[in-house]
Amino acid sequence: MSSTAITLEEFVNQLDELRDEAVAAFGGSESLETLDEARIEFLGAKKGKLKSLQKNMGALPGENKKDAGLKLNSVKKEIQAAFDSAKSRLGDGGGDSQRDPKIDPTIPGHRFHLGKLHPITQTIEELKDIMGRLGFTPAEGPEIEDEYHNFVALNIPKSHPARDPLDNFYLSVAQSQAEQDSTLSDNPLLMRTQTSTVQIRVMETRKPPVRIISLGRVYRPDTADPTHYPMFHQIEGLMVDENVTLADLKTVLKLFATSYLGDEVPIRIRPSFFPFTEPSVEADYFWRGKWVEFGGAGVVDPNVLRSVGYDPDRVSGFAFGLGIERLCMIRHQITDIRYLFTNDVRFLRQF
Amino acid sequence: MIVSWDWLKEYVSLSMDHDHLVDRLTMSGLNHEGTEPIGEDQAIDLEVTSNRADCLGHLGVAREIAALYDLDLKIPDPQPTTIAESVTDHCSVEIESPETCFRYTARLIRGVKIGPSPQWMQKRLKSLGIGIVNNVVDATNYVMFECGQPLHAFDFAKLSEGKIVVRSASQGEQFEAIDHHKYLLEPGMCVISDGKVPVAIGGVMGGADSEVSEETVDVLIEAAYFDQLSVRQTARKLKLHSPSSFRFERDIDSANLDWASRRCCEFILEMAGGELLEGVVDVGQAPEPPPILTLRFHQLSRILGIEIPTEQVGPILKKLGLSVKAEDQNQITVAAPTWRKDLTREVDLIEEVGRIYGFDKIPDDVNVPMTASYRLPSNRVIDKIRAVMTSAGYDESMTPSLVPEKWSNAFSPWSDKEPLTSSQPMLGVLEEYSKNIGAVNLLRRSLVPSMIETRRINEYRANLDANLFETARVYLTKGENEIPVQPLKLAFISGQDFYQVKGVLETIVQNVAPEVELTIHPCKFDILDPSLSAEIRVGDQVLGWIGTISKSGKKLFGLKNDATVVEIDFGILESKAVLIPKHKNLSTFPAVSRDFNFIVENKVHWQDLQSTVQKAAGDLLESVRYLETFRDEKKDGAGKKRLLLSVVLRSSEETLTGQQADEVSKAIIDQCKASHSAALVG
């Protein structure tokens, strides 16, 4: 072992020279074979030039050893980096020789079929999620309703076209038609035509403040065609408290639309008519160059508040309702509502 | 409602441009649906909500425009010239059915000359898409589209007794309308008769016999007020909808009957000549005086969320036709006009002021207070179920809640009570396959028939790998006079074999309610294979059923391939759900595993053997696992099988010795022998 004393400066120069030499050699290699030869020459674990140079450290004065070590490490890294980049330049991998030619990693992996949630469910979850962030808690209620909750409490008078028997699924038990008629005729049962019934049921049992969304299946006897189905889904929001105004409604709808569309959109409200809200409005959002109907909304009608025992001079509220199928169909560009309920798996697996 | 730009100009000056106008109308409640140029005119289509019957005439729309742009509204004041002879000497009106007709007015014009109406009137009617008939009929239509009051002109000579009797139709009465179709009437429908036969269906359509024709000389002009509900029901039953029925259904302004009648007569005199008899036959109720309403100004900001200057409130209401009775700094008291029956309360006035002032001035960036929201436990459980189902490769279906009788009868495990029947069937929901399956009018008592249908439709469409699941309600009647219950169920169906499907069910239960031990019990349903079917219980509660569809079940539902179906109750599962699992310390001592191979009778079920093993092994048992069933008739004899199982033992306190494990093994072997005559192999 050489023990000729050297200075730190000499050692550093030797390292720099070696680095330049190695970088040039790796950079000049034109095949993985020549690169590997160069690697052994400079980085070989036993007889590599770097290894040999490292041994010179022993000949340095004790106080220089720490600085020398730091320099050595940094040069080592530089050389290694030069090697790595040359290697990736020449074709990556650890060398063809190690590959088993019988193995074809491009063959498809073993996939498994992941089932899909129905697009309506996905839309509902998305809307629930957005409304949840705005402080609205989901509420559920029965699909079979009585006339009181479906109409009367919602300020829909007997003369209103919505109460026409032909426009509702009224219910009876086949076996005891006569008894049913006699006992329930003052408040007959029907499949709910809107999820606002849930709002009534919630308000009947809870004092303000109320901030809920009700959602689920609703029923109207339209013959199924590309835009109608006798069963569909609604989501309705309700907020009642002291001093809830149309401005709060507009703000919430704006936040809702912005969240749903993923971009800030202008919204507008324009007067409309629903028996359970006054003022009633239609809300539109401006999307891709035109106004798109969002849904119906309004300030909860004082008659509705009175019917659940709230004082309309003390509290006020807003409600809005959206058709899930419509939103879902626009979102996924579905052209016929019946596809949603045919349950062809080729359809369901698209979403 | 289509309005003509040219026509509107008669009542209000239209100096604004078209686009600005329709935008303001949209923003104040008359949604613009489109505009078509008709010659030099423009036909503007506006959507009129059902509470705004006043806008079903040009005058109503013009009034809105006048209010929006603060313009003057010019309303014609018809004063037709009359002769001295009184109408009451020549005709009479009786209302026999005051529940369908509240008021009836008639005027009589003698000696008209029927011919075409003038060009200007024809042009305006054509802009609206209304057919041109003759000067008398066109005048009635024109006035209807002017003010919203439907009118009818009878050929007076065809009214056999020269009188009008308004009554309810008699059973089986026939009527030929102007459209020359015959209609069968029924009691409750309002007919206008001449004392003998019907000459019109009140508010719906006139009759062919009494219509104004070339030969008509004298005409009776009807302006009446028919009940909205009655007109709607009649029009609907007869499938006979007209611009007249459309307006009566939305309620008309009964205070305007006389104006409309005079206006119409004025046009007829002008265009067809003749002489108008003095006076009017006016029978029935006088219109109710309009309500007096008070608007407290502070309520405006409380409901609308904006401050509207109080000095603007009065002028807005006046422009809309309300008359101010009193006003101070806090409130304004007004009378609603007769044509605005939707204005009955303070809040209705708030809407009026708000919409004319402009909903666009309401901000959309106010501070809505933050509040916490919650996820329902049921939602969390459903999410867990969905995660298992989708991971297992099941797609989610959505099927109608109503089913045909055949399906309803085929499978109803949750209730033996009759299903609820709907007054209306669902139409078009099972079209492709089941045209002859009968009405879809029963509320389903089980999801299983619907799930089988989802398999069938996929089979039919050559999707042979359809695994589907659904969570939905079923509808069960209870005792008399009780509201039916509507429990949520989970059902799924697959073409995989019984044990694979059962594995999915077990995975759901394990994932949602890990503490629950399911037990399997026999069940009997025609549509399920008697061997490969079972009732599943949790303790003494029935969680649901699993079964492979039997041959007869497949036939009943038109299924070709095997399928296994499951239906379980969501509520029971939810009640046992562990939503927040608690950590248990892991034992640091090694486990000892022992395998057993028992020969038992075929009738010994795994479930029972497992339970014996569990009891025998005691506290040291960590798990017992089924491995395999194997039969070797030569070695073991007929009617026997081998059950292979593996037991893992572990203590939380010490390393088990071989001797301890052997003792447990011996207990297992002894107990299985005692309880099941199980013989250990080897």
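The values are calculated or read from the model by the stated rules, or taken from the named source; none is laboratory data. Remember, it's a predicted structure, so these values are computed and weren't measured experimentally. Cβ sites come from the backbone with ideal geometry, for glycine too, and all protein chains shown count toward neighbours.
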Item to complete: Kindly indicate whether residue B:231 is under 35 Å from the mean Cα position of the chain (by Cα) and either in a helix (DSSP H, G or I) or surrounded by fewer than 22 Cβ atoms within 10 Å (Cβ to Cβ) (or both).
Response: yes
Practice prompt. Kindly indicate whether any position in the stretch B:343-357 is in a loop (DSSP other than H, G, I, E, B) and within 8 Å of another protein chain (Cβ to nearest Cβ).
Written response: yes
Fill in: The listed residue being surrounded by fewer than 24 Cβ atoms within 10 Å (Cβ to Cβ) and either assigned to a helix (DSSP H, G or I) or under 27 Å from the mean Cα position of the chain (by Cα) (or both), out of B:179, B:251, B:209
B:251
Fill in: Those residues of the stretch A:306-328 which are more than 23 Å from residue A:252 (Cα to Cα) and out of contact with any helix residue (DSSP H, G or I) (no Cβ under 8 Å at 6 or more places or on another chain), in sequence order
A:306
Discussion item. I'm trying to understand the selection: among the residues of the stretch A:264-309, which are of a type outside the set (A, V, I, L, M, F, W, C), more than 10 Å from every other protein chain (Cβ to nearest Cβ) and either touching a residue at least 40 places away in the same chain (Cβ under 8 Å) or in a strand (DSSP E or B) (or both)?
Written reply: A:285, A:290, A:295, A:296, A:307, A:309
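Here's the yes/no breakdown for (1) in contact with a Gly (Cβ under 7 Å, 6 or more places away or on another chain); (2) surrounded by 22 or more Cβ atoms within 10 Å (Cβ to Cβ); (3) more than 26 Å from residue B:465 (Cα to Cα):
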{"position": "B:376", "(1), (2), (3)": "no, no, yes"}
{"position": "B:380", "(1), (2), (3)": "no, no, yes"}
{"position": "B:384", "(1), (2), (3)": "no, no, no"}
{"position": "B:393", "(1), (2), (3)": "yes, no, no"}
Worksheet entry | Test set (1) surrounded by fewer than 13 Cβ atoms within 10 Å (Cβ to Cβ); (2) touching a residue at least 12 places away in the same chain (Cβ under 8 Å) - residue A:41 fails condition number | (1)
Discussion item. For the stretch B:305-342, give me each residue that is part of a helix (DSSP H, G or I) and more than 14 Å from chain A (Cβ to nearest Cβ).
Written reply: B:310, B:311, B:312, B:313, B:314, B:315, B:317, B:318, B:319
Worksheet item: Out of A:166, A:249, A:238, which single residue is among the hydrophobic types (A, V, I, L, M, F, W, C), within 10 Å of chain B (Cβ to nearest Cβ) and surrounded by 21 or more Cβ atoms within 10 Å (Cβ to Cβ)?
Response: A:249
Discussion item. Please return the ranges of strands (runs of 3 or more DSSP E) entirely within the stretch B:520-623 where 1 or more residues are modelled with pLDDT of 95 or more, closer than 30 Å to residue B:463 by Cβ and within 37 Å of the chain's Cα centre (by Cα).
Written reply: B:528-538, B:541-549, B:564-569
Discussion item. Which residue is nearest to residue A:234 (Cα to Cα), if the candidates are limited to the stretch A:191-215 and must be of a type outside the set (Val, Ile, Thr), within 10 Å of chain B (Cβ to nearest Cβ) and crowded, with 22+ Cβ neighbours inside 10 Å?
Written reply: A:191
Fill in: the stretch A:310-338: number of residues that are more than 29 Å from residue A:156 (Cα to Cα) and either within 11 Å of chain B (Cβ to nearest Cβ) or in a loop (DSSP other than H, G, I, E, B) (or both)
5
Worksheet item: From the set of residues in the stretch B:81-94 that are within 16 Å of residue B:159 (Cβ to Cβ) and not hydroxyl-bearing (Ser, Thr, Tyr), which is surrounded by the most Cβ atoms within 10 Å (Cβ to Cβ)?
Response: B:93
Discussion item. If I ask for residues that are without any contact (Cβ under 8 Å) to a residue 40 or more places away in the chain, within 18 Å of residue A:342 (Cβ to Cβ) and within 21 Å of the chain's Cα centre (by Cα), which ones from the stretch B:460-486 would you list?
Written reply: none
Worksheet item: Since residue A:259 meets every condition but one in (1) in contact (Cβ under 8 Å) with a residue 24 or more places away in the chain; (2) in a helix (DSSP H, G or I); (3) within 11 Å of another protein chain (Cβ to nearest Cβ), which condition does it not meet?
Response: (3)
Worksheet item: Residue check: is residue A:116 within 12 Å of chain B (Cβ to nearest Cβ), in a loop (DSSP other than H, G, I, E, B) and surrounded by 13 or more Cβ atoms within 10 Å (Cβ to Cβ)?
Response: yes
Worksheet item: Looking at B:46, B:128, which one is within 14 Å of chain A (Cβ to nearest Cβ), of a type outside the set (Ser, Thr, Tyr) and touching a strand residue (DSSP E or B) at 6+ places or on another chain (Cβ under 8 Å)?
Response: B:46
Practice prompt. Out of B:140, B:105, report the one residue that is polar (S, T, N, Q), part of a strand (DSSP E or B) and buried (at least 20 other Cβ atoms within 10 Å of the Cβ).
Written response: B:105
Worksheet item: Taking the stated definitions as given, is residue B:365 at the interface with chain A (Cβ under 7 Å from one of its Cβ atoms) and assigned to a helix (DSSP H, G or I)?
Response: no
Practice prompt. May I ask you to list the residues in the stretch B:243-296 that are among the polar types (S, T, N, Q), farther than 16 Å from residue B:219 by Cβ and touching a strand residue (DSSP E or B) at 6+ places or on another chain (Cβ under 6 Å)?
Written response: B:254, B:285, B:294
Response to the item:
Considering only strands (runs of 3 or more DSSP E) wholly within the stretch B:1-74, the ones with at least 2 residues that are over 17 Å from residue B:144 (Cβ atoms) are B:31-38, B:41-47
Worksheet item: Which residue, of B:505, B:490, is within 21 Å of residue B:575 (Cβ to Cβ) and assigned to a strand (DSSP E or B)?
Response: B:490
Item to complete: Can you confirm whether the stretch A:132-144 contains a residue that is surrounded by fewer than 16 Cβ atoms within 10 Å (Cβ to Cβ), more than 27 Å from the chain's Cα centre (by Cα) and within 7 Å of another protein chain (Cβ to nearest Cβ)?
Response: no
Worksheet item: Taking the stretch B:51-80 only, how many residues are polar (S, T, N, Q) and either at pLDDT below 95 or crowded, with 20+ Cβ neighbours inside 10 Å (or both)?
Response: 1
